[in-house]
Amino acid sequence: MKLLVIVPAYNEAENIERVIDNLTENYPQYDYVIINDGSTDDTRKICARRNYNMLDLPVNTGLAGAIKSGMRYANYHGYDYVLQLDGDGQHDPVYIEKMMEEMARTGCDIVIGSRFKTERKPLNARMVGSQILTAAIWLTTGGVYIGDVTSGMRLFNKKMIKRFGYDIHYSPEPDTLAYLLNCGVKIREIQVTMYERIAGVSYLDFKGSIWYMMKMLFSIFLFQWFRKRVKG
């Protein structure tokens with residue numbers, strides 16, 4: 001059974017070597033591909049100089065476009081599983097094996113590396129927003145609880161590789177999780193530890209985070225309303 005680690009990277013020149021060198025040195029059993037999403041810094045130059053395996057997208061397509069490209073790459077090369085690993089160094093590949101074990105044990109389609117499976121969310125503005133999104137998913141899926149809806153560390157099976165690669169509007173965001181759950185997709189979480197970003201800047205500042213949460217809430221409820229209208 002073949003697993004591919006896909007690493008979406010947008011302006012991660014300060015982090016990408018640390019992330020990929022950790023993978024190749026400590027987890028050589030996993031193949032990887034970097035999705036350079038039209039970076040404007042030296043991400044592409046570093047990857048080329050280090051001879052990393054890379055898909056070089058000519059323009060910035062956003063996380064959804066990067067993931068779609070990685071999923072198509074995985075499907076083309078016959079991989080059975082894809083592990084999404086962020087290029088900022090926050091995710092630890094040590095948990096990949098446990099995520100694979102959880103998928104094998106439960107027969108689920110997606111496993112999320114969760115900061116909050118067994119630990120409580122800290123009380124700050126960002127986590128309050130995350131809790132609101134968790135509640136929105138719970139309300140629109142008949143009581144399914146996803147504790148870490150914004151985690152970017154996710155394991156996908158073959159069925160999900162094809163759906164995210166070729167179906168329209170499948171982005172790796174909380175609203176898609178809500179939609180997939182209502183379509184019968186099985187999602188599980190395991191507890192992981194994530195690290196703070198060491199270098200670079202997240203694309204979500206405070207204002208961006210507020211806009212992101214509002215957009216996700218609108219999409220979560222709209223998805224479910226539209227789906228129920230179509231079924232009815």
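The values are calculated or read from the model by the stated rules, or taken from the named source; none is laboratory data. Nothing here was measured: the structure is a model prediction, and the numbers come from that model. For neighbour counting, all protein chains shown are included, and Cβ atoms are generated from backbone atoms with ideal geometry for every residue, glycine included. When the accessible area is computed, the model is the full protein with side chains, heavy atoms only, and any ligands, DNA or RNA have been set aside. Shrake-Rupley method; radii C 1.70, N 1.55, O 1.52, S 1.80 Å.
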Notebook entry, point to check: So what's the Cα pair-distance distribution over region 1-107, bin width 5 Å, in %?
Noted result: 2, 13, 24, 24, 21, 10, 4, 2, 0
Next item on the list: Could I have the simple spin-label model distance between M214 and Y27, label points 7 Å from Cα toward Cβ, reported in nm to one decimal?
Entry: 3.7
Margin query: Only bridges whose two residues both fall in the chain count here: according to DSSP, what percent of them are antiparallel, nearest 5?
Written below: 25
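Kindly sort H91, H77 by accessible area of their heavy atoms, largest first, with the probe set to 1.4 Å. Display every interim value, and only then the final one.
Values: H91 15, H77 80 Å².
Ranked list, largest accessible area first: H77, H91.
Given a 1.4 Å probe and every protein chain left where it sits, what share in percent of the accessible area of the chain is carbon and sulfur?
On the way: 6600 of 12030 Å².
Reported share for carbon and sulfur atoms: 55 percent.
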Note to self: Just to confirm the number: angle between the C-alpha axis of helix 96-106 and the first principal axis of the chain, 0 to 90 degrees, nearest 10?
What the structure shows: 40
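Hey, what D do you get for region 69-128 in µm²/s if you plug the Kirkwood alpha-carbon radius into Stokes-Einstein at 10 °C and 1.306 mPa s?
Details: Rh = 13.9 Å.
In µm²/s, the coefficient rounds to 114.
Which pairs, out of K98/K215; K45/K162; K98/K158; K117/K162; K186/K215; K68/K98, put more than 22 Å between their alpha-carbon atoms?
On the way: K98/K215 32 Å; K45/K162 30 Å; K98/K158 18 Å; K117/K162 27 Å; K186/K215 24 Å; K68/K98 25 Å.
K98/K215; K45/K162; K117/K162; K186/K215; K68/K98, as the Cα separations exceed 22 Å there.
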Margin query: Could you put F116, F221 in order of accessible surface area, largest first, with the 1.4 Å probe and the full protein assembly present?
Written below: F221, F116
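Please give the peptides 30-37, 131-138 ranked by average Cβ packing (other Cβ atoms within 10 Å per residue), highest first, as a rough proxy for protection. Numbers along the way, then the final one.
Numbers: 30-37: 22.5, 131-138: 18.1.
Ranking the peptides 30-37, 131-138 by packing returns 30-37, 131-138.
D56: net charge of surrounding residues, Cβ under 10 Å, Lys/Arg +1, Asp/Glu -1, itself excluded? Don't jump to the answer; show the numbers that get you there.
On the way: positive: R44; negative: D37.
Counting the neighbours of D56, the net charge comes to 0.
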Margin query: For a Förster distance of 41 Å, can you work out the FRET efficiency between the beta-carbons of E17 and Y145, rounded to the nearest 0.05?
Written below: 0.65
Checklist line | Sparsely packed GluC sites (Glu not before Pro) within region 72-176, loop by DSSP, other Cβ within 10 Å at most 16 | finding: E119
Check: What whole number of Å gives the distance from the Cα centroid of region 49-80 to the Cα centroid of region 1-26?
Finding: 12
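So, for region 1-86, what is the accessible surface per residue at a probe of 1.4 Å, expressed in square angstrom? All intermediate terms of the calculation are to be shown ahead of the outcome.
On the way: 4050 Å² over 86 residues.
Here the per-residue accessible area is 47 Å².
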Margin query: At 1.4 Å probe size, what's the solvent-accessible area of K68? Round to the nearest 10 Å².
Written below: 50
